[in-house]
Amino acid sequence: MTTAPAPRRGALALLAATQLLLIMDTALVNVALPSVGEDLASGSAGLSWVANAYLITFGGLLLLGGRIADLLGHRRVFLGGLGLLAVASAAGGLAPGAGALVAARAAQGVGAALAAAAAFALLLLLFPDGPARHKALGAFAAMGGLGGVLGTVLGGVVTDLLGWRSTFWLNVLLAAVLAVLALLVLDHRTGPSRHDGFDLAGASAATAGLGLVAYALVGAAEAGWLSARTLGAGGAGLALLLAFAAVETRAAAPLVPPSVLARPALRLSNVLAALAQTTLFPMFFLVSLYLQNVLGYAPLGGGLGLLPLSLVVVAVAPQTGRLIFRIGLHRTMTLGFALLCAGTVWLALALTPDGGFASTVLAPSLLLGAALPLVVVTTNVAATAEATAEETGLASGLVNTSQQFGSVLGLAVLVAVATRRTEGVDAARAVAETSGYRAALLTGAAFAAAAALVSLRLHPPRHAPAPSPGQQVPDRR
């Protein structure tokens, strides 16, 4: 893989902007959902699948998307993902009914999975393991934190001024701009890094298995954890993943070579990446609900309430590499999870039914803003440190899949905890909802505490593997 004549800084800006778009897209649509339901006369169940269809295809296809990028070329798959995202977004903007919109969102998830996996793989190729990669991953973390808040704010403004369909057309415009920039910044000579065939059986089993598990998780909040739908989908998904594991031991060109999963640091770091998102992703959702449902903020105000947290993320993320250099990767990771646990506990205990933003959310959110880049950057560094150039897409797909499923699992579990505390309560609604959010956040803090303890066992390699014979090395400008 070589870069375009433009400096690596330009490529990093492009890839980080892609991360910003993909995170922002979810927030944009979530803010617009009430307007979607009103315009298309869709009930809450239909609206939930406008969000869930995206999560299922995105989570189910990240691993496959990463491996396809290794086989077909990272730049090619990146452009294809952006193109599909733009076309699917246009279909969403033109959707005549809820069914068509759900289908468009599912297609958006496919495009997002391809673009996300290829973008992360390109970053790994551009920046070899070391301080330069740590800094690049810090930029990714900063854009992720900023994307959630920017999407919430823009979603409120654009929906109010131009209607919910404009949020989809905004995605079309941004994806098109990124695709044009990619043609200018990324080297057109980037080609396939592997030529040893494609594991169709493994790809089918993994994609279907991950998709069914995602379906079970996102549906658990509606149908219940013990419902026939949840148990059936979850059981079928796990069975397919077991079949996938069996196929990989016999495949000539496995989707995930068993030798890769045999690396202890890779396995543990992917578990930690999932645990990080199990706490972080639901926290944003719960804070927004608290600000709107309990404190009475408008959706735009709820989004702006997360702005201080995001500004801290943007400030701390670029410094994470220096901290890793000074105290080491695993110590930085443990510190990040400890701060994440402390900040989540502080936030949970600070919530009151009659409080205000400054007295309840502001201070603990600043601590959480410092924790977020520490855990995201360090888990990504550890999960990709051993990847060779031929494995960058695979490493990207694995860690992105871990993070996505951590997000979906965390949201399902924590929302279930919060809902259980408010079921059947008619009086003192604010008190009951605050109690539910507090219980959910304390559950998230328990996940973070577990991750802090597990991180003590992580011993990442000191150096990434050397390039294989004849392998092209990225331009280091």
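Of all residues in segment 78-89, those that are over 14 Å from Ile68 (Cβ atoms) and free of Cβ contacts under 8 Å to residues at least 24 places away in the same chain have Cβ atoms under 7 Å from Cβ atoms of residues that are crowded, with 24+ Cβ neighbours inside 10 Å and of a type in the set (Gly, Ala, Ser), 6 or more apart or on another chain, in Ala88/Gly111.
Taking residues in segment 151-173 that are touching a residue at least 24 places away in the same chain (Cβ under 8 Å) and outside any helix (DSSP H, G or I), and partners anywhere that are among the hydrophobic types (A, V, I, L, M, F, W, C) and surrounded by 15 or more Cβ atoms within 10 Å (Cβ to Cβ), the pairs with Cβ atoms closer than 6 Å and at least 6 places apart or on different chains are Trp164/Ala32; Trp164/Val36.
Counting just the residues of segment 242-262 that are outside any helix (DSSP H, G or I) and more than 23 Å from the chain's Cα centre (by Cα), which one comes out surrounded by the most Cβ atoms within 10 Å (Cβ to Cβ)? Walk me through how you get there before you give the answer.
Within segment 242-262, the first condition is being outside any helix (DSSP H, G or I), and the residues that meet it are 249-257, 262.
After this cut, where a residue has to be more than 23 Å from the chain's Cα centre (by Cα) as well, the list is 249-254, 257, 262.
On the way: Thr249: 9, Arg250: 9, Ala251: 20, Ala252: 7, Ala253: 15, Pro254: 23, Pro257: 15, Ala262: 9.
Restricting to residues being outside any helix (DSSP H, G or I) and more than 23 Å from the chain's Cα centre (by Cα), the top hit is Pro254.
Being modelled with pLDDT under 85, open to solvent by 30 Å² or more (accessible area, probe 1.4 Å) and assigned to a helix (DSSP H, G or I), is that true of even one residue in segment 93-106? No; the residues of segment 93-106 include none that is modelled with pLDDT under 85, open to solvent by 30 Å² or more (accessible area, probe 1.4 Å) and assigned to a helix (DSSP H, G or I). Pairing each residue of segment 117-128 that is in contact (Cβ under 8 Å) with a residue 60 or more places away in the chain with any residue that is part of a loop (DSSP other than H, G, I, E, B) and polar (S, T, N, Q), provided the two are 6+ apart or on different chains, yields C-beta distances under 7 Å for Leu126/Thr3.
Out of the residues in segment 378-401 meeting the condition of being surrounded by fewer than 24 Cβ atoms within 10 Å (Cβ to Cβ) and small (Gly, Ala, Ser), tell me which one is farthest from Trp346 (Cα to Cα). Applying the filter and picking the extreme gives Ala389.
Listed here are the residues, each with its yes/no results for (1) crowded, with 20+ Cβ neighbours inside 10 Å; (2) among the hydrophobic types (A, V, I, L, M, F, W, C); (3) at pLDDT 80 or above.
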residue: Thr152; (1), (2), (3): yes, no, no
residue: Asp160; (1), (2), (3): no, no, no
residue: Phe168; (1), (2), (3): yes, yes, yes
residue: Arg194; (1), (2), (3): no, no, no
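All conditions in (1) out of contact with any Phe, Trp or Tyr (no Cβ under 7 Å at 6 or more places or on another chain); (2) at pLDDT 85 or above hold for Val260, with the sole exception of (2). Scanning segment 74-101 for residues that are within 20 Å of the chain's Cα centre (by Cα) and among the β-branched types (Val, Ile, Thr) yields one hit, Val77.
I need the full set of residues from segment 323-361 which are surrounded by fewer than 17 Cβ atoms within 10 Å (Cβ to Cβ) and under 24 Å from the mean Cα position of the chain (by Cα), in order please. Hit for segment 323-361 is Arg331, nothing else. Of all residues in segment 321-359, those satisfying the criterion of being part of a helix (DSSP H, G or I), β-branched (Val, Ile, Thr) and in contact with a Ser or Thr (Cβ under 7 Å, 6 or more places away or on another chain) are Ile324, Thr332, Thr334, Thr344.
Being in a helix (DSSP H, G or I), modelled with pLDDT of 90 or more and either more than 24 Å from Ala201 (Cα to Cα) or touching a helix residue (DSSP H, G or I) at 6+ places or on another chain (Cβ under 7 Å) (or both) narrows it down to one residue among Gly111, Gly60; which is it?
On the way: Gly60 fails: modelled with pLDDT of 90 or more.
Exactly one of Gly111, Gly60 is in a helix (DSSP H, G or I), modelled with pLDDT of 90 or more and either more than 24 Å from Ala201 (Cα to Cα) or touching a helix residue (DSSP H, G or I) at 6+ places or on another chain (Cβ under 7 Å) (or both), namely Gly111.
Screening Gly65, Gly83 for residues that are open to solvent by 10 Å² or more (accessible area, probe 1.4 Å), of a type outside the set (Lys, Arg) and assigned to a helix (DSSP H, G or I) leaves exactly one candidate, Gly83.
Evaluate the following for Ala121: is it modelled with pLDDT of 85 or more, under 30 Å from Ala245 (Cα atoms) and buried (at least 17 other Cβ atoms within 10 Å of the Cβ)?
On the way: modelled with pLDDT of 85 or more: yes; under 30 Å from Ala245 (Cα atoms): yes; buried (at least 17 other Cβ atoms within 10 Å of the Cβ): yes.
Answer is yes for this residue.
For segment 300-322, filtering for residues that are surrounded by fewer than 22 Cβ atoms within 10 Å (Cβ to Cβ) and either in contact with a Phe, Trp or Tyr (Cβ under 7 Å, 6 or more places away or on another chain) or within 22 Å of Arg438 (Cβ to Cβ) (or both) leaves 2.
Among the residues examined, Arg133 does not qualify as open to solvent by less than 20 Å² (accessible area, probe 1.4 Å), among the charged types (D, E, K, R) and farther than 27 Å from Leu309 by Cα. Please enumerate the residues belonging to segment 235-251 that are over 14 Å from Thr207 (Cβ atoms) and in contact with a Gly (Cβ under 6 Å, 6 or more places away or on another chain). Once the filter is applied, which keeps residues that are over 14 Å from Thr207 (Cβ atoms) and in contact with a Gly (Cβ under 6 Å, 6 or more places away or on another chain), segment 235-251 yields only Ala251.
For Trp49, the criteria (1) farther than 21 Å from Val158 by Cα; (2) under 22 Å from the mean Cα position of the chain (by Cα); (3) modelled with pLDDT of 85 or more; (4) not small (Gly, Ala, Ser) hold in every case but one, which is (3).
Does segment 369-377 include one or more residues that are open to solvent by 40 Å² or more (accessible area, probe 1.4 Å), under 22 Å from Leu126 (Cβ atoms) and not acidic (Asp, Glu)? The answer is no; no qualifying residue exists.
Would you mind stating whether Gly302 is of a type outside the set (Val, Ile, Thr) and touching a His at 6+ places or on another chain (Cβ under 7 Å)? The answer is no for Gly302.
Whether any residue in segment 283-295 is open to solvent by less than 50 Å² (accessible area, probe 1.4 Å) and more than 22 Å from Val417 (Cβ to Cβ) is what I want to check. Checking segment 283-295: not a single residue is open to solvent by less than 50 Å² (accessible area, probe 1.4 Å) and more than 22 Å from Val417 (Cβ to Cβ).
Being over 29 Å from Thr378 (Cα atoms), surrounded by fewer than 14 Cβ atoms within 10 Å (Cβ to Cβ) and not β-branched (Val, Ile, Thr) is the requirement here; does Ala233 meet it? Spell out how you get there, then give the answer.
Working: over 29 Å from Thr378 (Cα atoms): yes; surrounded by fewer than 14 Cβ atoms within 10 Å (Cβ to Cβ): no; not β-branched (Val, Ile, Thr): yes.
Here the answer is no, as Ala233 does not meet what is asked.
Results for (1) modelled with pLDDT under 90; (2) within 30 Å of Val185 (Cα to Cα); (3) part of a helix (DSSP H, G or I), shown as yes or no for each residue.
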{"residue": "Ser407", "(1), (2), (3)": "yes, no, yes"}
{"residue": "Gly410", "(1), (2), (3)": "yes, no, yes"}
{"residue": "Ala427", "(1), (2), (3)": "yes, no, no"}
{"residue": "Glu433", "(1), (2), (3)": "yes, no, yes"}
{"residue": "Leu442", "(1), (2), (3)": "no, no, yes"}
{"residue": "Ala446", "(1), (2), (3)": "no, no, yes"}
{"residue": "Ser468", "(1), (2), (3)": "yes, yes, no"}
{"residue": "Val473", "(1), (2), (3)": "yes, yes, no"}
{"residue": "Arg476", "(1), (2), (3)": "yes, yes, no"}
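The values are calculated or read from the model by the stated rules, or taken from the named source; none is laboratory data. On a predicted model such as this, the values are computed, not experimentally measured, just so you know. Every residue, glycine as well, gets a Cβ built from its backbone with ideal geometry; the counts of neighbours run over all protein chains shown. All accessible areas refer to the heavy atoms of the entire protein, side chains included, with ligands and DNA or RNA removed. Shrake-Rupley method; radii C 1.70, N 1.55, O 1.52, S 1.80 Å.
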